[in-house]
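One structure is given here, and the rest of the page talks about it.
The values are calculated or read from the model by the stated rules, or taken from the named source; none is laboratory data. Just so we're clear, the structure is a prediction, and the values are computed from it rather than from any experiment. Note: ideal-geometry Cβ built from the backbone for every residue, glycine included; neighbour counts use all protein chains shown.
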Ligand code: NDP
């Protein structure tokens with residue numbers, strides 16, 4: 001029997017860590033599968049997917065810049081993909097292409113299980129209103145925080161996310177948009193879902209928003225600490241980067257495809273080691 005085929009599709013794709021992560025999951029759980037990188041031309045995502053599927057592919061992860069096209073390609077969507085408006089995981093069945101988005105649940109799993117920080121009844125600040133911020137709305141709200149404040153450089157985009165979040169809220173939770181300068185009080189968790197760290201910038205928020213117990217989470221990760229985490233460190237906060245989110249979103253995709261939940265702790269430790277060496 002041939003091994004089942006999976007892939008991650010993006011452009012660029014050479015630096016994707018997904019093959020390493022899924023390779024470890026497969027080895028650990030004894031799943032017979034192969035996982036490769038696919039570079040799709042910028043105007044050739046759908047063709048790349050259909051060729052892979054025609055060759056027997058069972059599913060793909062989708063990364064920058066194709067998450068919206070993957071959303072459009074899916075014939076069925078999970079609720080969290082629907083709210084996210086973007087798809088990072090496709091699963092091919094006989095006729096259907098199921099689209100899911102595991103980024104948000106990956107973030108929440110990393111915070112709740114790996115960092116051991118409950119979001120229930122907490123005051124949460126979400127920085128950014130792009131695709132990554134939108135993707136975490138439903139999973140974060142499912143944890144029943146007391147308050148979710150969304151701040152973004154372009155305030156109208158934060159307001160749009162507030163409308164979306166309000167339409168999907170569960171129970172009593174205060175949801176609002178706020179300008180950087182108007183943010184006030186201490187937050188229990190501050191999530192940086194902006195790409196500011198890419199240009200070594202920090203969203204212009206006050207250090208007063210951080211308490212000693214505040215979890216400062218940057219979705220970005222790298223060999224060096226991000227500018228946002230350095231700022232949070234100077235305020236005495238608890239720090240966490242997005243490497244755990246990356247591993248956890250992969251674990252959710254693996255579960256969707258294989259019905260087996262991989263152990264993530266050792267894989268995250270391996271990935272951390274590889275990043276830092
Ligand atoms: P988008 O391009 O969709 O959104 C970018 C967001 O960042 C917007 O809200 C934008 O504000 C804001 N922004 C950009 N530059 C600055 C700046 N200099 N100061 C303040 N705000 C800024 O990107 P994504 O949402 O897709 O990705 C955001 C980050 O999340 C990326 O760094 C990505 O690497 C990371 N990510 C990590 C994942 C993981 O698994 N760890 C998964 C997915 C994403 P405006 O609206 O005003 O333009």
Failed item, numbered, when residue 224 is tested on (1) touching a residue at least 12 places away in the same chain (Cβ under 8 Å); (2) over 22 Å from residue 90 (Cβ atoms): (1)
Got a number for residues in the range 146-177 being more than 11 Å from the ligand (Cβ to nearest atom) and either touching a residue at least 40 places away in the same chain (Cβ under 8 Å) or not assigned by TED's automatic domain parsing to the domain that holds residue 190 (or both)? 2
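If I filter the range 179-194 down to residues being within 14 Å of the ligand (Cβ to nearest atom) and within 28 Å of residue 120 (Cβ to Cβ), which single residue comes out as nearest to the chain's Cα centre (by Cα)?
Filtering the range 179-194 for residues that are within 14 Å of the ligand (Cβ to nearest atom) and within 28 Å of residue 120 (Cβ to Cβ), the one nearest to the chain's Cα centre (by Cα) comes out as 193.
Please state which one of 70, 81, 86 is assigned to a helix (DSSP H, G or I), closer than 20 Å to residue 164 by Cα and either touching a residue at least 40 places away in the same chain (Cβ under 8 Å) or in contact with a strand residue (DSSP E or B) (Cβ under 8 Å, 6 or more places away or on another chain) (or both).
Values: 70 fails: closer than 20 Å to residue 164 by Cα; 86 fails: assigned to a helix (DSSP H, G or I).
Matching residue, one of 70, 81, 86: 81.
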Looking at (1) part of a helix (DSSP H, G or I); (2) more than 14 Å from the ligand (Cβ to nearest atom); (3) closer than 28 Å to residue 76 by Cα, which one does residue 104 not meet, given that it meets all the others? (2)
For residue 197: the one exception among (1) within 11 Å of the ligand (Cβ to nearest atom); (2) part of a strand (DSSP E or B); (3) touching a helix residue (DSSP H, G or I) at 6+ places or on another chain (Cβ under 6 Å): (2)
Taking the residues in the range 129-145 that are within 15 Å of the ligand (Cβ to nearest atom) and part of a loop (DSSP other than H, G, I, E, B) as candidates, determine which candidate is farthest from residue 102 (Cα to Cα). 129
How many residues, within the range 107-116, are assigned to a loop (DSSP other than H, G, I, E, B) and crowded, with 19+ Cβ neighbours inside 10 Å? 0
Residues that are touching a strand residue (DSSP E or B) at 6+ places or on another chain (Cβ under 9 Å) and on the phi > 0 side of the Ramachandran plot, drawn from the range 186-213: none
Check residue 116 against each of (1) away from the ligand (no atom under 13 Å from the Cβ); (2) under 27 Å from residue 213 (Cβ atoms); (3) under 16 Å from the mean Cα position of the chain (by Cα) and name the one condition it does not meet. (3)
